[in-house]
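The values are calculated or read from the model by the stated rules, or taken from the named source; none is laboratory data. This one's a predicted model, so the numbers in the text were calculated from it and none came from an experiment. Cβ atoms come from the backbone with ideal geometry, glycine included; neighbour counts cover every protein chain shown.
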Amino acid sequence: MKRRSFLTLSAGAAAGAALAACGSSGPSETSGGDTASGEASYWFLSGPPGEPIRQGAVDRFNKANSGGQIKVTTFQNDAYKDKLKTALGAGQAPSIIWGWGGGGLKSYVDNDQVDDLTDWFAQNAAVKDRLFPASFGPATINGKIYAMPCETVQPIVMFYNKEVFDNLKLTPPTTWGEVMDIVPKINAANIAPFSLGGQSRWTNMMWLEFLFDRIGGPEVFQAVFDGQANAWNNPASLRGLTEIQNLIKANGFVKGFSSITADSNADQALLYRGKAAMMLHGSWSYGIISAEGGSFIKDGKLGYTSFPTVEGGTGDPSNTVGNAGQFLSIYSKASDAQKETAKNFFKSLLDDTEQQGWIETGGVPIVKGGDAKLASSPDKDFLNFIYQVSSNAKYFGQSWDQALSPTAAETLLDNIAKLFQMQISPQQFADSMNQVIGK
Amino acid sequence: MTIAPPVVQTAPPSATSGGRSGSVTWMAWPALVAFVGFGVVPLIGVLLLSFTSWNRLSQDIPFTGLDSWRSVLSDPGLPHALWVTFLIMALSWLFQTPISLLLGVFIAAQKRYRSVLAVLFFVPLLLSQAAISITYKALLDPNFGLGAGLGWPFLQQDWLGDSTLALGVVVFVVSWQFIPFHTLIYQGGVRQIPASMYEAAQIDGAGRVRQFFSITLPQLKYTIITSSTLMVVGSLTFFDLIWVLTAGGPGDATRALAVDMYQRGFKADLMGPASAIAVILVLVGLALALGLRRLGGRDASSSQLEGV
């Protein structure tokens, strides 16, 4: 939930959305737009910092184009997901579908609900070539491109509290062995080694994503994604699952991590209040810490680095995981005029103003050579780090729960919660995950 | 969640209005139409949906026969969810009934300070479940909550991160919210007991405790059954509270049927199996409501006043 943007979505809103999902399933009058004049509808997430930037891009487009206009409707994160699915099921979806690519996009593709944009990108090579190549990964299904990557790149990085490390005279770990070494030392000082918002489950998942990649490379998860039988029984995945349980047994994570939600930003608070030494989290945490952590960043106390390597692992240490971008697709049932408007809008995306807007919120736009603009930002060090990590990554893995179908993703998150709770063994985890491969 | 209304509505609508001539039956029509429209029709919809494999996205809904039922019934998650649901039901009944009974008896007396207390007791019921859950979640936070703030070791437990404790917290928070409601029911019940019975008992020399066990408790038999029915059937639908507090966790320790249904239907996009669980919920609720009704005997729903 939380990781998709900086948006602070309270648990209450989530619960409210859950309830709203039961009742508000009627078709919406906003969805169609005016088909004749090519007025395209566009739904996206509300709330700062994304909403004003997205709205600004639409406003500039509408102003510059007298023809087809774009009409916006905004939603909160969870409400959006439910509303969109209901709208797609009812044949009332917006002309432009904002999303996260991967498994969700694949389910739209399987139901013929979004247009294949491969030819359009071939004809408009300039639109494609200015963006990070990695950002097209989650937009590509069965070798065809079904979405326009947009907005920012959000890799998962290892944050740490420099003050804690200085006080304890320790250095951030660069290998898994060092991680296991410093855990008891940090615990001895009554500080939690790692902060974790474990109730949200996808937070735990980030650890496995990195461990699998560092131990066995991207092939390990790719086999799962491709639907190979018993792919979770790979020795690399079993070792990764074992390593994480070893870390939990060694009290590597903050006490009570399985009741902390990421939505509350308590995991970031643990880090900047010095109650935890490190935190593996998305790059959006930087924005949260800078907004809520007082002078923590200004005082130079926030450190960040890449995930440690694992002894004997074959994965490239430059590989990273996270969100390679956000994605816009075109609804297949929109009129030709609306599709034309949408494609024109795609061409206008990530102009200088929009790039600047994202940079000001602590984001790195997915534009090649965009690092030139980062220098003017007060957060240039961090933004440059993110730019380097993202553009140099040999492989940019998509978050598993977004790469998989919703059905498989839910089983995955469920089993991850049990794995971290020590309710199941690595082999039991692999066994139950093998059953949903390809589903 | 579409199944919540019919469970509650099954008992009252038709039976009570009978007995008089047909001329008045038209008065039942609005209620009947609402019941059919919002209760029976969705129920049939859910039943039909449980024989399909709809993923919420496609516009054609593939009929897959008993596949969803087979997958749900063979899933070890179902007995677990049933067990958690019954555990929450039983524990919250055990916790709520004595407290609300005693509170109800206490505030039934016509004394001013008790009226003031009655109003205060009632406050939790006025709050939204989501708000209550968020508040408790914040208070019980192991790092920033009450325990860490006050430094009391007892409160510094991993309340929502430990399987047993988390279940206890759910039961406690549910009870905290609904005890006022049942207290109100018991207060009403106690006030229906004729004062003459107590006067007679006093003449016979019965003390307060004796009066409670020999008059109050027996006279409240049907109130207890009513209150228990509401508690038991209502506990089947606990969702928002559990969802916000623990999201079914840690692991699957508090994954009750309603939570399981939501996760399957709206998170995993498995509408067929989710509908099957919804049907199971309805059946369990009906069985419980009928069972409790039988427990009360045939005269449970008739007036008690004249029988004194």
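B:Thr237 fails exactly one of the following numbered conditions: (1) of a type in the set (S, T, N, Q); (2) free of Cβ contacts under 8 Å to residues at least 40 places away in the same chain; (3) within 14 Å of chain A (Cβ to nearest Cβ). What is the number of that condition?
Looking at each condition in turn, B:Thr237 falls short on (2).
What is the residue count in the stretch A:358-393 for residues that are within 22 Å of A:Ala139 (Cβ to Cβ) and assigned to a helix (DSSP H, G or I)?
The number of residues fulfilling the criteria is 7.
Given the criterion in a helix (DSSP H, G or I), of a type in the set (Asp, Glu) and crowded, with 19+ Cβ neighbours inside 10 Å, identify the matching residue among A:Asp181, A:Asp263.
None of the other options fit; the residue is A:Asp263.
Does A:Ser258 fit the bill of being of a type in the set (Gly, Ala, Ser) and closer than 15 Å to A:Asn204 by Cα?
It is true that A:Ser258 is of a type in the set (Gly, Ala, Ser) and closer than 15 Å to A:Asn204 by Cα.
When you go through (1) farther than 24 Å from A:Tyr387 by Cβ; (2) touching a helix residue (DSSP H, G or I) at 6+ places or on another chain (Cβ under 8 Å) one by one for A:Phe159, which number turns out not to apply?
Answer for A:Phe159: the failing condition is (1).
Give the residues of the stretch B:104-152 that are more than 14 Å from chain A (Cβ to nearest Cβ) and not in a helix (DSSP H, G or I), sorted by residue number.
If the condition is that a residue be more than 14 Å from chain A (Cβ to nearest Cβ) and not in a helix (DSSP H, G or I), then B:Ala109, B:Gln110, B:Lys111, B:Trp152 are the ones that fit.
Could you tell me whether the stretch A:382-402 includes any residue that is within 14 Å of chain B (Cβ to nearest Cβ) and buried (at least 20 other Cβ atoms within 10 Å of the Cβ)?
Checked the stretch A:382-402: at least one residue is within 14 Å of chain B (Cβ to nearest Cβ) and buried (at least 20 other Cβ atoms within 10 Å of the Cβ).
Which residue is farthest from the other protein chains (Cβ to nearest Cβ), if the candidates are limited to the stretch B:153-181 and must be buried (at least 16 other Cβ atoms within 10 Å of the Cβ) and β-branched (Val, Ile, Thr)?
B:Ile179
Output yes when any residue across the stretch B:257-269 is touching a residue at least 24 places away in the same chain (Cβ under 8 Å), under 24 Å from the mean Cα position of the chain (by Cα), away from chain A (no Cβ under 14 Å) and closer than 30 Å to B:Leu167 by Cα, and no when none is.
yes
Just the residues that are surrounded by fewer than 23 Cβ atoms within 10 Å (Cβ to Cβ) and in contact with a helix residue (DSSP H, G or I) (Cβ under 6 Å, 6 or more places away or on another chain), please, taken from the stretch A:226-235.
Scanning the stretch A:226-235 gives A:Asn230, A:Ala231, A:Asn233, A:Asn234.
Just checking, does the stretch A:108-117 include any residue being touching a residue at least 60 places away in the same chain (Cβ under 8 Å), within 11 Å of another protein chain (Cβ to nearest Cβ), among the hydroxyl-bearing types (Ser, Thr, Tyr) and farther than 23 Å from A:Gly38 by Cβ?
Among the residues of the stretch A:108-117, not one is touching a residue at least 60 places away in the same chain (Cβ under 8 Å), within 11 Å of another protein chain (Cβ to nearest Cβ), among the hydroxyl-bearing types (Ser, Thr, Tyr) and farther than 23 Å from A:Gly38 by Cβ, which makes the answer no.
Restricting to the stretch A:270-314, name every residue that is assigned to a helix (DSSP H, G or I), within 14 Å of another protein chain (Cβ to nearest Cβ) and in contact (Cβ under 8 Å) with a residue 40 or more places away in the chain.
A:Leu270, A:Leu271, A:Tyr272 - these are the residues of the stretch A:270-314 that are assigned to a helix (DSSP H, G or I), within 14 Å of another protein chain (Cβ to nearest Cβ) and in contact (Cβ under 8 Å) with a residue 40 or more places away in the chain.
In the stretch B:130-152, which residue that is in contact (Cβ under 8 Å) with a residue 24 or more places away in the chain and surrounded by fewer than 21 Cβ atoms within 10 Å (Cβ to Cβ) is nearest to A:Asp267 (Cα to Cα)?
Per the stated criteria, the residue is B:Ile134.
Can you tell me which residue within the stretch A:116-131, out of those that are in a loop (DSSP other than H, G, I, E, B) and not polar (S, T, N, Q), is modelled with the lowest pLDDT?
So, considering only residues that are in a loop (DSSP other than H, G, I, E, B) and not polar (S, T, N, Q), the one modelled with the lowest pLDDT is A:Arg130.
Scanning the stretch B:240-256 for residues that are of a type in the set (A, V, I, L, M, F, W, C) and more than 19 Å from A:Ala408 (Cα to Cα), which turns out farthest from the other protein chains (Cβ to nearest Cβ)?
Result: B:Ala256.
Can you tell me which residue among A:Phe159, A:Phe194 is within 14 Å of chain B (Cβ to nearest Cβ), at pLDDT 95 or above and buried (at least 16 other Cβ atoms within 10 Å of the Cβ)?
So the residue among A:Phe159, A:Phe194 that is within 14 Å of chain B (Cβ to nearest Cβ), at pLDDT 95 or above and buried (at least 16 other Cβ atoms within 10 Å of the Cβ) is A:Phe194.
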